[in-house]
Amino acid sequence: ILLRFFKEEKGAIKVDGLELNEANEDAWRSLIGYVQQDVYLLDGSILENVAFGKNKHEVDMDKLKDTIEMASLSGFVESLPLGINTPLGERGAKLSGGQRQRIGIARALYANAQILLFDEATSALDNETEAEITESIRKLKEKDLTMIIIAHRYTTLQYCDRIVRMDKGMITKNYTFEELKQDNLQKFRK
C-alpha cells in the first residue's frame with residue numbers, strides 16, 4: 001500500500017497531513033527507495049547497478065561515491081581491482097547477500113530517495129551479514145531519511161525510533177526496541 005501497488009480499501013494514508021491519492025502518487029513514489037529481500041541486479045558493474053538506468057556519461061561521480069559511502073560499500077569497492085567498474089556477474093553472482101543489499105541501498109540513495117522501505121531485507125541473510133546491514137541502517141539513521149523496515153527478525157530493528165507490530169493488517173502494539181526485546185524474551189521463557 002505504501003508503494004501504491006494496492007490502494008487502501010478503507011481509511012486513508014496521510015503524509016504530513018496530505019492524503020495520498022492519484023494526483024500526488026507519482027510525487028510520492030519519487031521519494032521512496034525500495035530495498036527488497038532479493039535485490040535485482042544487472043549483469044553489469046557496480047556503477048551501472050547503483051546508478052541504475054543512467055548512461056555512464058550521465059552519472060554524477062561525486063554523488064555515486066557519497067551513496068556508496070552511505071551504504072557502507074566503500075571498503076568493499078576499494079578492495080576490488082576495477083573499483084566501481086568491477087562486473088558483478090549475472091544477477092550479482094560475485095556478491096554476498098549483504099553486498100547485494102547494500103547495492104540496493106546505494107541505488108535507492110542515488111535515486112534521491114528520502115524514504116527507504118526495507119522489505120524483509122535481512123531475512124535471507126546469516127547473522128553476521130544481518131549485523132552488517134543493521135550497521136548500515138545505523139549509519140543511515142544519522143542522515144535526513146525516513147526508514148520503514150518490515151522485518152520478522154527483531155534484531156534488524158534495533159536502531160528504529162518506533163516499532164509497530166501488525167497482525168492481519170491491524171496495528172496490535174507499539175514498541176521501543178528495548179520493549180520489543182523484553183516482550184520476545186518473555187515469550188521465549190514461556
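The values are calculated or read from the model by the stated rules, or taken from the named source; none is laboratory data. None of these values were measured; they are calculated from a predicted model. Here the Cβ is made from the backbone with ideal geometry for all residues, glycine too, and neighbour counts use every protein chain on show. For the accessible areas, the whole protein counts, side chains as well, though only heavy atoms, and no ligand, DNA or RNA atoms are used. Shrake-Rupley method; radii C 1.70, N 1.55, O 1.52, S 1.80 Å.
Using all pairs of distinct alpha-carbon atoms, the Kirkwood hydrodynamic radius of the chain works out to 18.0 angstrom. To the nearest 10, the accessible area of Val164 is 60 Å² with a 1.4 Å probe.
Here the extension length gained between Ile1 and Glu78 equals 23.9 nm, from 0.36 nm per residue of separation less the Cα-Cα distance. When you filter the trypsin sites (Lys or Arg not before Pro) in the stretch 68-137 for DSSP loop state and at most 13 other Cβ atoms inside 10 Å of their Cβ, you are left with Lys94. Probe of 1.4 angstrom, ligands and nucleic acids ignored: what's the accessible area per residue over the stretch 1-136, in square angstrom? Accessible surface, normalised per residue, equals 56 Å². Computed from the C-beta positions of Glu19 and Lys141, the FRET efficiency with R₀ = 41 Å rounds to 0.90. Taken over the stretch 54-98, the ratio of Cα radius of gyration to 2.2 N^0.38 Å equals 1.20. Among Phe76, Phe6, the sequence by solvent-accessible area, most first, with a 1.4 Å probe is Phe6, Phe76. Atom-type composition of the exposed protein surface of the chain places 50 percent of the accessible area on carbon and sulfur (1.4 angstrom probe). For the chain, what does -39500 (n - 2.57) per DSSP helix run (n ≥ 4), summed and divided by total residues, give at 222 nm, in deg cm²/dmol to the nearest 500? Result for the chain, helices only: -10500 deg cm²/dmol.
For the pair Gln36 and Asp62, a Förster radius of 35 Å applied to the C-beta separation gives a FRET efficiency near 0.80, rounded to the nearest 0.05. Using a cut-off of 21 Å between Cα atoms, the listed pairs Lys63/Lys139; Lys10/Lys168; Lys143/Lys168; Lys143/Lys181; Lys65/Lys141; Lys63/Lys143 include Lys143/Lys168; Lys143/Lys181 as exceeding that distance. Were the residues from Ile150 through Asn174 laid out at 0.36 nm apart, the gain over their Cα-Cα distance would be 7.2 nm. Taking amide H atoms as placed 1.01 Å from N in the peptide plane, the amide H of Phe118 lies under 5 Å from those of Val35, Ile148, Ile149, Ile150, each 5 or more residues away in sequence or on another chain. Going by the alpha-carbon gyration tensor, a ≥ b ≥ c the square roots of its eigenvalues, is the stretch 66-126 rounded (a/c under 1.5) or, if a/c is not under 1.5, prolate (a/b greater than b/c) versus oblate? Because a/c hits 1.5 or more and a/b fails to exceed b/c, the stretch 66-126 counts as oblate.
Using r as the Cβ-Cβ distance of Arg165 and Asn112, and R0 as 35 Å, what FRET efficiency do you calculate, to the nearest 0.05? The computed FRET efficiency comes out at 0.70. Within the chain, the longest run free of exposed loop sites, counting GluC sites (Glu not before Pro) that sit outside DSSP helix and strand states (H, G, I, E, B) and have at most 13 other Cβ atoms within 10 Å, spans 23-141.
For the pair Asp26 and Glu90, the difference between a 0.36 nm per residue extended length and the Cα-Cα distance amounts to 19.9 nm.
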